[in-house]
Structures are given as C-alpha cells and as structure tokens.
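Peer 1: Sharing a structure here in structure tokens format.
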Amino acid sequence: MANNPRAQITSERNDDDFVLSKVPKVSLAFWVVKIFATTVGETGGDALSMTLNLGYAVSTLIFLGFFLVTVAAQVGSKHYHPLFYWAVVVATTTVGTTTSDYLDRTLGLGYVKSSIVELALVIVVLLVWKYATGAIQVDRITNRKNEIFYWVTILVSNTLGTALGDYVATDAGLGFQGGALVFAALLAVVAALYFFTKLPKPVLFWSAYVLTRPLGATLGDTLTKPNNQGGLNLSRITSSLVIAAGMIAIVAMTSLRKRGFAAEGHGGSAEPAR
C-alpha cells in the first residue's frame, strides 16, 4: 500500500506536539503518582493547619505562595520537568485542602454548598477553556494559554475534591475508609467508561482527576486521624514525608515521560524529551 504523505505529515505533527508537551503522558504510573500527590496534599495541609496550629487562613496563604512559586517555574520552563510539574500538583492539593477547610469550617459554608460551588467553577473553567481554545487538552499542553487553563482547572478540582472527600467521610457517615472505597469504585467506573465507551476522553480525564483528590484525602485522613475517628493516628508530618518519598521514587523509576521521536519518522533515533 502506498504511503499517504498527508497522513505522515499529520502523524509527525502529532509526535512533535507530544514531545513538546509540558505535562506527562497519561498512564497508570501517572494516576498512581497523582493519588500519592493528593494524599500528601491532605496530610501536608493538615500538618500546617492542625499539627503546627497555624490555622486554615494562614496555611492557605503559605501554600498559595508555594503554588505561585512552583507554577511560575513550571510555566516559565521550555519543556516538561518532572520536578516542576509534580511540585505544582502537590501545591494545588495542599492549597486546595486548606482552602476547602477554610470555606467549609471557618466560613461555615459546609461540605455540600462548597462542593456545589466548586463543581460549578470546574465546569465554568472547562467551558471557558473550550470556548477560548477550541479544545480541552489532556496531555498535549504546548502553549501558554492551554497551560494556564490546565493549572486553573487542577487547582479548582483539587479544592472540590477535598470537600467531596470530607462530605462522604463525615456528613454521609461512611468514614474515611468507606469514603476511600467509594471513590476507588467511582474511579474504576470512569476507567471502564474510558476503555469500553466512546465518551469524550477529556471529560473522562477530568472526571478521574477530580475523583483522585477525595480518594487521596480519605486515604490521608485514614492514616492520620485519631483512632476514635476511624484513623490510624499516624504523625501527619512523618506520613507526608514518607508519601512524598514514595512519590519521588515512582517518578524517578518510571520517569513518567517516554516521549521520543520514532526512528522511522524522524530519520533515526533521537533523544527522548527530558
């Protein structure tokens, strides 16, 4: 069969976009590290606000500063850096934890109302993203506009996920372990929809992204809450350090980024994107 020049050009452009993308390829390792990141976000956020007794407002400001520094490094970089990328993800989970706790507990908004507000914000951001760029991206972020929308969506979705996790574990009465099982089951449903249906992939990706946050939150609370609240009563600071070490180890071992040019399409082997 004769080669199709137009198809070859399209394929090469897609490969170029994939290599130049500033976010990791979505894979099983990606989701494992994401759950680790959301768990350390819960334990780390609680460590500052509760263990160190800084309160939700002060802790939110501290983590917001951390987020701004890390996202500036990420946006300012020319290509994908695992350190920058996952530092921003952790920053969004920590600031999401303390922001959600401030809205729910300090301001008295409650888990249901805050979840509704934050879900609406996620939907609005995604709709504006689609309107402004023509498509909601998942793992091919190659320009500044898409990258900004990407991180705003993650920040809001991680705040939403914290409220959802607290609602299921406390108000719904399922406890932290029961909540973790619920969100793990919902993630399994999203995975099944991904493999066995033709639903839009960006919708399923962002649905899974939201659900990993309450899963991580309930897992983090399971580790650190007192025994009489259904937790294991482990140290928040120690748990955060151990989970962060595990997360770094997985990133280092898998590199989460095997984006190379195919030898046939680019005239020989090339260095993979770093």
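Peer 1: Which ones in the stretch 220-274 are modelled with pLDDT under 50 and in contact with a Leu (Cβ under 8 Å, 6 or more places away or on another chain)?
Peer 2: ALA273
Peer 1: Could you please give the count of residues in the stretch 69-99 that are among the aliphatic types (A, V, I, L, M) and more than 16 Å from the chain's Cα centre (by Cα)?
Peer 2: Qualifying residue count for the region: 4.
Peer 1: Residues being open to solvent by 40 Å² or more (accessible area, probe 1.4 Å) and either out of contact with any Asp or Glu (no Cβ under 9 Å at 6 or more places or on another chain) or among the aliphatic types (A, V, I, L, M) (or both): count how many of those fall in the stretch 36-81.
Peer 2: Adding up the residues that qualify gives 19.
Peer 1: Check ASP101 against each of (1) surrounded by 20 or more Cβ atoms within 10 Å (Cβ to Cβ); (2) at pLDDT below 90; (3) over 25 Å from PHE36 (Cα atoms) and name the one condition it does not meet.
Peer 2: (3)
Peer 1: TYR85: open to solvent by less than 30 Å² (accessible area, probe 1.4 Å), in contact (Cβ under 8 Å) with a residue 60 or more places away in the chain and part of a loop (DSSP other than H, G, I, E, B), yes or no?
Peer 2: Considered against the rule, which asks whether it is open to solvent by less than 30 Å² (accessible area, probe 1.4 Å), in contact (Cβ under 8 Å) with a residue 60 or more places away in the chain and part of a loop (DSSP other than H, G, I, E, B), TYR85 comes out as no.
Peer 1: Restricting to the stretch 46-80, name every residue that is in contact (Cβ under 8 Å) with a residue 60 or more places away in the chain and either in contact with a Leu (Cβ under 8 Å, 6 or more places away or on another chain) or of a type outside the set (Ser, Thr, Tyr) (or both).
Peer 2: Applying the first criterion (in contact (Cβ under 8 Å) with a residue 60 or more places away in the chain) to the stretch 46-80 yields 46-47, 50-51, 67, 71, 74-75, 79-80.
Scanning the stretch 46-80 gives ASP46, ALA47, MET50, PHE67, VAL71, GLN74, VAL75, HIS79.
Yes/no per residue for (1) touching a residue at least 24 places away in the same chain (Cβ under 8 Å); (2) open to solvent by 10 Å² or more (accessible area, probe 1.4 Å); (3) within 27 Å of GLY108 (Cα to Cα):
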site	(1), (2), (3)
ARG144	yes, yes, no
GLU147	yes, no, no
VAL168	yes, yes, yes
ASP171	yes, yes, yes
LEU174	no, yes, yes
PRO202	yes, yes, no
PRO226	no, yes, yes
ASN233	no, yes, yes
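The values are calculated or read from the model by the stated rules, or taken from the named source; none is laboratory data. Computed from a predicted model, the values in this text were never measured in an experiment. All Cβ positions, even for glycine, are placed from backbone atoms using ideal geometry, and neighbour counts span all protein chains on display. For accessibility, only protein heavy atoms count, side chains too; no ligands or nucleic acids. Shrake-Rupley method; radii C 1.70, N 1.55, O 1.52, S 1.80 Å.
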